[in-house]
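Q: I have a structure here, written as structure tokens, and I will follow up with some questions on it.
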Amino acid sequence: MTVASGTGRALVVDRIGSLVTNDPSLGRGPLGIVEDASVVIVDGTVVAVGPAGATGDDRLDADGACVLPGFVDSHTHLVFAGDRAEEFATRMGGQPYDGGGIRVTTDATRATPTDELDRLLRLRLAEAHRAGTTTIEVKSGYGLNVDDEARSLQVAAAHTTETTFLGAHLLPSEYAGRADEYVDLVCGPMLAAATPHARWIDAFCEEGAFGADQCRAVLEAGRAAGLGLRLHGNQLGEGPGVQLAVECGCASVDHCTHLSDADVDALAGGDTVATLLPACDFSTRQPYPDARRLVDASVPIAIASNCNPGSSYTTSLSFCIALAVRDMGLTIDEAVAAVTVGGAAALRRTDVGRLTPGSAGHAVVLDAPSHHHLAYRPGVPLVRHTVGPLGGPLGTTAPA
Ligand code: NIG
């Protein structure tokens, strides 16, 4: 069930056994954990965090369960049509992932009417919301021409403010052998059509996709158009992505599966977030990156789902937490922080990812007594209630 908090009334989430606030001044440890707590939300904003028993107009009884900030999924490709389950099955039989399937999804997306793209997106957003995600970034990147990129972003912008123009995802077949011409199209007419619907610009910096100079041109054109910068880098091998992202001041560099010492040094202590995508490494059989090495070097990290039909078809950040703890060397506390405040930092947001007075009243009520269960019980749907947006009419069901 989903619960909204923007009704003009005070919603009290009460009898919380263990509350993760992500505000160390409010409670124990870096997650700021408060026991036997309540949270009061008015018009979508947290107005009080305190002991259980607060009063209000509406009451959601957590019955001793754990409550966390709503998850912030800072990397998805949710506007698409078609299915690539066959590609996945072949990959599990030993075929390596090379990103070429992006063109298969591009053909399917171009051939799909806009209202159907919207319907498919809404289904995926509803699935993400049921799994605890309350803020989500959505990229284009399966249109790869002016009209289809613009309508993909228009569809996404109806549901989230965190929209990303990814015209430089892969060279479409009709531009084979003319990559620089395509980059000119991305930086010119495509960007102009995308900008009204986008907050961010992104590019896929990888051998087989776009090189450093091409990505730099895309990012600088996006910056000139007023967009924020992010980059796909170091997904399938070491390369220039991370260093380019730092050089350009990107908010986030995403994947970071293959990192050299120089990449870690470039990220250390900076404000370009390394966004790790463990479900993508799972689904493409890439080696998991050593997230411990990043945390120990003071690299800011986030974890996101990368939900897309090719390399990571999951909306479950709980699954991502379990993988990051089991296979990437993070503690459970670090992984939970990475899908909440970490995701918020990757989107340059301070209003989400925490439950503290003044922050957004977006919360997850677990069917579990502590956040440890998110890694301890992998694959189990532990989200009992999601409080607050994804956006639009989603998440507006009144409390039971
Ligand atoms: O993040 N790396 C590029 N883009 C997506 C893959 C999309 C696909 O295979 O369709 C990713 O993994």
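Q: ARG292 to ASP213: extension gain in nm, 0.36 nm per residue of separation minus the Cα-Cα distance?
A: On the way: separation 79, 0.36 × 79 = 28.44 nm, distance 3.08 nm.
Gain on extension, ARG292 to ASP213, equals 25.4 nm.
Q: Quick one: Cα convex hull volume of the chain, Å³ per residue?
A: Values: hull volume 49.2 nm³, N = 400.
That works out to 123 Å³ per residue.
Q: How big is the dipole moment of segment 214-315 about its Cα centre under a simple scheme where the beta carbon of each Lys and Arg is +1, that of each Asp and Glu is -1, and everything else is neutral? Debye, nearest 20, please.
A: On the way: 6 positive and 11 negative charges, 63 e Å.
It works out to roughly 300 debye.
Q: Something else now. In Å², what does the accessible area per residue of the chain work out to with a 1.4 Å probe? Let's see the in-between values first.
A: Details: 14320 Å² over 400 residues.
On a per-residue basis, 36 Å².
Q: Here's a follow-up. Can you send over the carbon and sulfur percentage of the accessible area for segment 72-346, probe radius 1.4 Å, protein chains only? Mind showing how you got there, number by number?
A: On the way: 4840 of 9260 Å².
Heavy-atom surface of segment 72-346 belonging to carbon and sulfur, 1.4 Å probe: 52 percent.
Q: Restricting to Cα pairs below 8 Å that are 6+ residues apart, what does the relative contact order work out to for the chain? Please round to a whole percent. All intermediate terms of the calculation are to be shown ahead of the outcome.
A: On the way: 1028 pairs, mean separation 89.9, N = 400.
Answer for the chain is 22 percent.
Q: A further question follows. With an 8 Å Cα cut-off and a minimum separation of 6 or more residues, compute the relative contact order for segment 294-400 in percent.
A: On the way: 129 pairs, mean separation 23.2, N = 107.
Computed over segment 294-400, the figure is 22 percent.
Q: Run the dipole for the chain about the Cα centre, Lys and Arg Cβ at +1, Asp and Glu Cβ at -1, nothing else charged, and hand back the magnitude in debye, nearest 20. Each step should come with its number before you reach the end.
A: Working: 28 positive and 48 negative charges, 162 e Å.
With only Lys, Arg, Asp and Glu charged at Cβ, the dipole is about 780 debye.
Q: Could you rank the peptides 328-334, 70-76 by their average count of other C-beta atoms within 10 Å per residue, with the highest value first?
A: On the way: 328-334: 19.7, 70-76: 30.9.
Highest-to-lowest ranking by the protection proxy: 70-76, 328-334.
Q: Please name whichever of LEU219, PHE319, VAL34 sits farthest to the positive end of the charge dipole of the chain, dipole taken about the Cα centre and charges placed at Cβ: Lys and Arg +1, Asp and Glu -1.
A: Of LEU219, PHE319, VAL34, it is VAL34.
Q: Right, next: Among ASN308, ALA128, VAL47, pick out the residue whose Cα is farthest towards the positive end of the charge dipole of the chain, where Lys and Arg carry +1 and Asp and Glu carry -1 on C-beta, about the Cα centre.
A: Of ASN308, ALA128, VAL47, it is VAL47.
Q: For the chain, modelled as a Gaussian network with Cα springs under 10 Å, which listed residue fluctuates most, ALA360, ALA54, ALA194?
A: Maximum among the listed residues: ALA54.
Q: Beta carbons within 10 angstrom, averaged per residue: use that to sort the peptides 369-377, 15-23, 233-241, 84-92, highest first. Display every interim value, and only then the final one.
A: Details: 369-377: 18.2, 15-23: 23.4, 233-241: 21.8, 84-92: 14.0.
So the order, starting with the most tightly packed, is 15-23, 233-241, 369-377, 84-92.
Q: Just check segment 16-56 against the gyration tensor rule for me: Cα atoms, a ≥ b ≥ c as the square roots of the eigenvalues, rounded for a/c under 1.5, and otherwise prolate or oblate depending on whether a/b exceeds b/c. Mind showing how you got there, number by number?
A: Numbers: a/c = 2.70, a/b = 1.47, b/c = 1.83.
The shape class here is oblate.
The values are calculated or read from the model by the stated rules, or taken from the named source; none is laboratory data. Everything numeric in this text was worked out from a predicted model, so none of it was measured. Cβ: placed from backbone, ideal geometry, glycine included. Neighbour counts: every protein chain shown. Just so you know, the surface numbers come from the protein's heavy atoms only, side chains and all, with ligands and any DNA or RNA stripped out. Shrake-Rupley method; radii C 1.70, N 1.55, O 1.52, S 1.80 Å.
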